[in-house]
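Throughout, read-outs are computed from the coordinates displayed, never taken from laboratory work. Just so you know, these numbers come straight off a predicted model, no measurement behind them. No Cβ is skipped: glycine too gets one built from the backbone with ideal geometry, and neighbour counts run over all protein chains shown.
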Amino acid sequence: MGGKNPVIVLADADLEQALGQTINGAMLSTGQKCTATSRAFVQRPIFDQFVDRLVQRAAALRVGDPMEAATEIGPLVSESQRDSVLEYIEIGRSEGGEVLAGGAPEQDGGGYFVKPTVFGQIAPTMRLAQEEVFGPVLAVMPIDDLDEGIALANSVKFGLSASVFTRDIATAFRFIRDIESGIVHINSETAGAEPQAPFGGMKASSSFSREQGKSAIDFFTQVKTVYFDMPAS
């Protein structure tokens with residue numbers, strides 16, 4: 001169930017909604033969900049405005065003890081996972097990416113904390129745009145239109161969850177049709193999931209089955225075929 005989940009934000013989107021849902025999907029749970037948002041493709045007419053506001057929100061998130069009511073971002077699950085996330089941040093820098101927010105461990109709190117990190121200047125072929133980080137790291141990239149966004153979103157081996165932000169119904173249905181993802185969101189975060197709905201992905205995000213909801217019956221059941229003939233007498 002690995003993922004490299006994208007959001008596509010189009011110029012007609014509700015910008016406030018797209019910002020809030022992108023931050024939630026990328027940063028809450030410290031990015032430690034297979035469905036967490038790790039790539040944001042934003043249409044050029046709104047790209048600069050979106051990125052500026054996204055960076056401000058990411059930098060303002062409160063990192064600390066998850067038992068404290070004011071905390072928004074908790075720790076990574078282990079020291080090794082924190083080190084892995086920090087290694088990916090350094091890989092992003094070494095490939096030419098620009099850290100727009102975060103990019104360092106959070107020193108306060110005495111735990112495995114990493115500041116919410118936003119990268120710009122990321123090419124779709126870079127490791128940071130291709131590999132699952134499983135931490136609070138988001139790469140933001142500009143696109144010309146929906147077709148380019150879908151092509152880039154599909155250009156990874158994963159296909160778990162994906163979102164588009166648009167006001168246009170026809171655009172939403174084009175996205176649903178063409179995105180290579182087992183879970184599709186329209187104007188909501190990639191990390192959202194309902195327990196009664198089937199859950200699973202495509203490509204390397206897939207076990208070629210679905211769990212949760214009615215699909216869980218098949219997922220957790222081994223089918224046995226029995227031929228039983230009655231004795232002749």
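Roughly what % of DSSP beta bridges within the chain run antiparallel, to the nearest 5?
Numbers: 7 of 28 bridges.
Antiparallel bridges make up about 25 percent of those DSSP assigns within the chain.
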Taking r as the C-beta separation of ALA197 and ALA11 and R0 as 30 Å, the FRET efficiency to the nearest 0.05 is 0.50
Run through all the Cα pairs of the chain and give the fraction in each 10 Å bin from 0, expressed as whole percent. 8, 32, 33, 17, 4, 2, 2, 1, 0
Mean-square fluctuation maximum in Gaussian network of the chain, Cα pairs under 10 Å, restricted to ASP168, ASP145, ASP83, hits ASP168
As a check on your grasp of the helix formula, calculate [θ] at 222 nm for the chain: sum -39500 (n - 2.57) over DSSP H runs of n ≥ 4, divide by the residue count, round to the nearest 500. -9500 deg cm²/dmol
Gyration tensor (Cα only) of the stretch 1-88 to equivalent ellipsoid, semi-axes in Å sorted down, yields 25, 16, 11
Can you give me the C-alpha center-to-center distance between the stretch 167-226 and the stretch 41-62, rounded to a whole angstrom? 28 Å
Put a dot 7 Å past each Cα toward the Cβ at PHE228 and GLU180; how far apart are the dots in nm? 4.5 nm
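Once you have the Cα-Cα distance between ARG44 and ILE91, take 0.36 nm times their residue separation minus that, and quote the gain in nm to one decimal. Could the numbers behind the result be given before it?
Details: separation 47, 0.36 × 47 = 16.92 nm, distance 2.58 nm.
Using 0.36 nm per residue and subtracting the Cα-Cα distance, I get 14.3 nm.
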If the cut-off is 25 Å between C-alpha atoms, which lysines fall inside it for LYS33, apart from same-chain ones fewer than 8 positions away? LYS4, LYS115, LYS157, LYS203, LYS214
With springs connecting C-alpha atoms under 10 Å apart, model the chain as a Gaussian network and identify which of GLY92, GLY192, GLY31 has the largest mean-square fluctuation. GLY192
By how many nm would the segment from GLN32 to ALA151 lengthen if fully extended, with 0.36 nm per residue of separation less the alpha-carbon distance? 40.3 nm
Report the label-to-label distance for SER209 and ASP168 in nanometres (one decimal), using points 7 Å from each Cα along the Cα→Cβ vector. 4.1 nm
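Hey, got a sec? Which trypsin sites (Lys or Arg not before Pro) in the stretch 171-233 land in a DSSP loop and have at most 16 other Cβ atoms within 10 Å?
Numbers: sites: ARG174, ARG177, LYS203, ARG210, LYS214, LYS224; in loops: ARG210, LYS214, LYS224.
When the trypsin sites (Lys or Arg not before Pro) of the stretch 171-233 are filtered for loop state and at most 16 Cβ neighbours within 10 Å, LYS214, LYS224 remain.
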